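Taking it in order: structure first as structure tokens, then the write-up.
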Amino acid sequence: MQVEEGEAFGFLGPNGAGKSTTIKLLMGIIFPTAGSAKILGHSITDVEMHKDIGYLPEQPYFYDYLTAAELLDYFARFYGFNAAERKERVARMLKKVGLETAGKIQLRKYSKGMLQRVGLAQAILHDPKVVILDEPMSGLDPIGRHEVRDIILELKREGKTVFFSTHILTDAEVLCDKVGVIVGGKLQGVGRPDEIVGMKSQGMEILFEADAADARSAAIRAKANKSGSRYALRVPEDSLYSALDELHATGAKIASVAQIKPTLEEYFLHLVEKDRAQAAAIEVSGK
Amino acid sequence: MTRIAAVAWNTFREAVRDRVLYNLVFFALLMIAAAILVGQISLGIETIVIVSLGLSAVSIIGLLIAVFTGVGLVSKEMDKRTLYALLAKPVRRWEFLVGKFGGLVLTLTVNTAAMAVGLFLALLFVKHSLDRGDAVVLVAVYFILLKLAIVVALSLLFSCFTSQLLAILFTAGLYVAGLFLSEMRNLSGSRVGPMMQILFSWVSYLLPNFENFNVMAAAAHGKAIPGILILHNTLYAILYCGIVLAGASVVFSRRNLK
């Protein structure tokens, strides 16, 4: 799996697929039993590369005896900023994540969503080139999610590489240049969201209008689904023109023709089901 | 160095905010009660009683903090996952450990210094004056602090690979063993067998030797403590802490966090 510089990469997978494990490996929290990984050309064992990386852990928890401002000031010390720089950065980051008025409250009094915001602030505090976010939308209300989405888009605009895991597929579709899907600890696919789901076209959909009393179109109407005043007919791609001819002959009015693309969610569910089926097959053959 | 200092300062701040220093109130009350009581009895043993009681309290309170806070230094950060965000910063695991060690030793130093002030105030109350001979009490306090630094290093080491409860038991066990090293070395071959005697002898050199740090009796009686012992104990504590922390770093650097 490769993530290019300046890319927003969504790492998708069901619970227990290995998303957080992969991220923890990259951050040196756990160690790999095999294989290797590099970030910005440095081995993940090189601690100095962390100067250019920001990381938001999943469901972050910080020192509850510190205030948000103290926590950010503490973390800023590891990047060698002087007191004035730390003060300026801390204030800027708190404002960016919408916590400027809560900066002097101890973290023990913070809600889950507020902790998530502090986590995001500490991840981008030092203006890193690469930002790794583990479930950044988790625990946030719709407004919070929207704000995090805006921050990710801003990071993208600034040319930063953003790698984040998520369950929320619509976020991935909106934010990501590329996604990777991991299921059962194995990477199942990497590519542009439309690319990886578009690999398997599900045929064509013809939307048409026809008179319900017209006997000529009765047969084709029976094959279609009624949707409001229109009918939706799904046909394989190679049968498109014959279906259009048939509709034309019955006097139906064609409103639109579109390729049926599976959504990222459908693709994702398909992979999960495939993995479960494989696991079940292995279990049966094992028995 | 900046990174170690940052971790150390945060550890100190955590201890202060977790009300670790509240023990000083207990110590102050103990010293006040002892001074008033001794002042009333006045049998010419005021200094001995105050110094013995004071140093014992400094040692016991310090030990409780060193062991119970020490074993939680790393494990608490692992359990609460506060370590995740920290280890993603440009900080090495050994730097984190040394910082944690430094932070607790700083806490103990402040705590011990405050208790020493209390002890001298109590001495002043019963003796009405202080003389140069009382400086030996300062040396005794310094030795207690060195001993506590070793205990912190040990509790850190154990907490890197075992549960908090076991780490407390191991540290307390080693502390007690370290108080009786000469007995261990002097076990006669006829009582334990020659092989065991050799084994005990070797083990006794690995265990921390806390006997040399106990100068409470000398301090209570105002006997001078040789400079060579101060130098020896200082070097011993630095070396022992260094070795234990190096071991802890090796263990912790390879540990997968949950």
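Coordinate-derived values only; no laboratory data. Quantities reported herein were computed from a predicted structural model and do not represent experimental measurements. Neighbour counts run over all protein chains shown; Cβ positions are idealised from the backbone, glycine included.
What to note about this one:
- Bins of 5 Å from zero: percent of alpha-carbon pairs in the stretch A:110-190: 3, 13, 26, 26, 17, 11, 4, 0
- Semi-axes of the equivalent ellipsoid of the stretch B:112-151 are 22, 11, 5 Å, computed as sqrt(5λ) over the eigenvalues of the C-alpha gyration tensor in descending order.
- Set A:LYS87/A:LYS109; A:LYS87/B:LYS258; A:LYS19/A:LYS226 screened for pairs whose C-alpha atoms are more than 30 Å apart: A:LYS87/B:LYS258; A:LYS19/A:LYS226
- Size descriptors for the stretch B:9-106: radius of gyration and Dmax over Cα atoms are 18.8, 62 Å.
- Calculated FRET value between A:HIS42 and B:ALA224, using beta carbons and R₀ = 56 Å, to 0.05: 0.45
- Inter-centroid distance (Cα atoms) of the stretch A:91-162 relative to the stretch B:109-178, Å: 44 Å
- Over the stretch B:107-258: Rg over Rh, Cα atoms, Kirkwood Rh: 1.05
- For the peptide A:20-30, the mean number of other protein chain Cβ atoms found within 10 angstrom of a residue's Cβ is 3.
- Most fluctuating residue given options A:VAL90, A:VAL257, A:VAL190, as computed from a GNM of chain A linking Cα atoms under 10 Å: A:VAL257
- With q set to 0.17 Å⁻¹, the log10 of I(q)/I(0) for chain B, from the Debye formula over equal scatterers at the Cα positions, is -1.26.
- 10 Å binning of all Cα-Cα separations within the stretch B:212-258, expressed as whole percents from 0 upward: 22, 31, 21, 15, 9, 1
- For the stretch A:204-259, the relative contact order works out to 55 percent when only alpha carbon pairs closer than 8 Å and six or more residues apart are counted.
- Candidates B:LEU181, B:LEU145, B:LEU119, ranked by Gaussian network fluctuation over chain B, Cα under 10 Å, top entry: B:LEU181
- Under the Debye formula (equal points on every Cα, no solvent term), log10 I(q)/I(0) of the stretch B:82-189 at q = 0.15, 0.18 Å⁻¹: -0.86, -1.01
- According to the Cα-based calculation, Rg over Rh for the stretch A:1-86 is 1.00, with Rh computed by the Kirkwood formula.
- Simple spin-label estimate for B:ILE238 and A:HIS270 gives 6.9 nm between the two label positions (7 Å along the Cα-to-Cβ direction from each Cα).
- Once the Cα atoms are used to define both axes, helix A:83-96 deviates from the longest principal axis of chain A by about 30 degrees.
- Footprinting exposure proxy for B:GLU77, A:GLU7 (fewest neighbouring C-beta atoms within 10 Å first): A:GLU7, B:GLU77
- Relative contact order (%) - criterion: Cα under 8 Å, at least six apart; region: chain B: 29 percent
- For the protein assembly as shown, Kirkwood radius (reciprocal of mean inverse C-alpha pair distance, Å): 28.6 Å
- Intensity falloff of the stretch A:204-259 expressed as log10 I(q)/I(0), Debye formula with alpha-carbon point scatterers, at q = 0.16, 0.26, 0.29, 0.30 Å⁻¹: -0.38, -1.07, -1.34, -1.43
- Calculated [222 nm] ellipticity per residue, helices only, for chain A: -12000 deg cm²/dmol; basis is -39500 (n - 2.57) per DSSP H run with n ≥ 4, divided by all residues, nearest 500.
- Largest to smallest principal axis extent of the C-alpha atoms in the stretch A:8-197, angstrom: 45, 37, 29
- When its C-alpha radius of gyration is set against 2.2 N^0.38 Å (N residues), the stretch A:63-171 gives a value of 1.03.
- Average beta-carbon neighbours from other chains, 10 Å sphere, peptide A:56-64: 5
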